[in-house]
Amino acid sequence: MRSVTPMHIAKIGYILLSVVFCIVGVLFVAWSDIGTQVLSRALGIAMIVFGGIKIVGYFSKDLFRLAFQFDLELGIISAVLGIIVLLNPFGTITFIFIAMGIAILADALFKIRIAIDAKRFGIGTWWMILSLAFLTAIAGVLLVFRPWESANILTVLLGISLLAEGVLNLCVAVSTVKIVKHQYPDVIDADYIDVIDVETEDPSK
């Protein structure tokens, strides 16, 4: 039997960090004049932790294999961007918004694919995942191209993007991550015996 511990860690971590993203998003909307240093440190730590959870989720192998199927690449990207942001707390605010926009946009685009796969699996909430993914993708695009120059407005947009990302990941984790206690490994080891046909000689020859 496969251990379900990594699956539980991934799912619970996904849910908890999604809630954290929602809370941080609301705080950024309400506190738009937050300092660059505080902003970069908070986002850097969040991205590194979330990247780690994504990587754990990829290797956990839950039943449907929907929520975490692209999370190896996304987890690495998120963790790397988080490290860069964290190591440059006094970096330009523009870089922070672009980094977050790229991470959020990439995650949203992969979630669109997950929504399509969820529909094929017969998961009833696929349309909700799809709608939230589109909204999150739009927010990510706005962060990347920054149609507004005001740092306060962009911080509010970042808060909205994080809130959308949190709700999206929460919906995906709750809807598509199914854990079965008695789940067998993908490959079952077995011993095989090769049977070789040996042609017997005709004793009359």
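For this structure, a couple of remarks:
- Subset of the stretch 102-141 that is among the hydrophobic types (A, V, I, L, M, F, W, C) and not in a helix (DSSP H, G or I) - its residue that is surrounded by the fewest Cβ atoms within 10 Å (Cβ to Cβ): PHE121
- Output for the stretch 32-52, where each listed residue is in contact with a helix residue (DSSP H, G or I) (Cβ under 8 Å, 6 or more places away or on another chain), assigned to a loop (DSSP other than H, G, I, E, B) and surrounded by fewer than 16 Cβ atoms within 10 Å (Cβ to Cβ): ASP33
- Residues in the stretch 20-50 that are among the hydroxyl-bearing types (Ser, Thr, Tyr) and either touching a His at 6+ places or on another chain (Cβ under 9 Å) or closer than 19 Å to ALA164 by Cβ (or both): SER32 only.
A short reminder: the numbers here are calculations on the coordinates, not readings from a lab. These numbers come from a predicted model, not from an experiment. In this analysis, Cβ positions are derived from the backbone assuming ideal geometry, glycine residues included, and neighbour counts consider all displayed protein chains.
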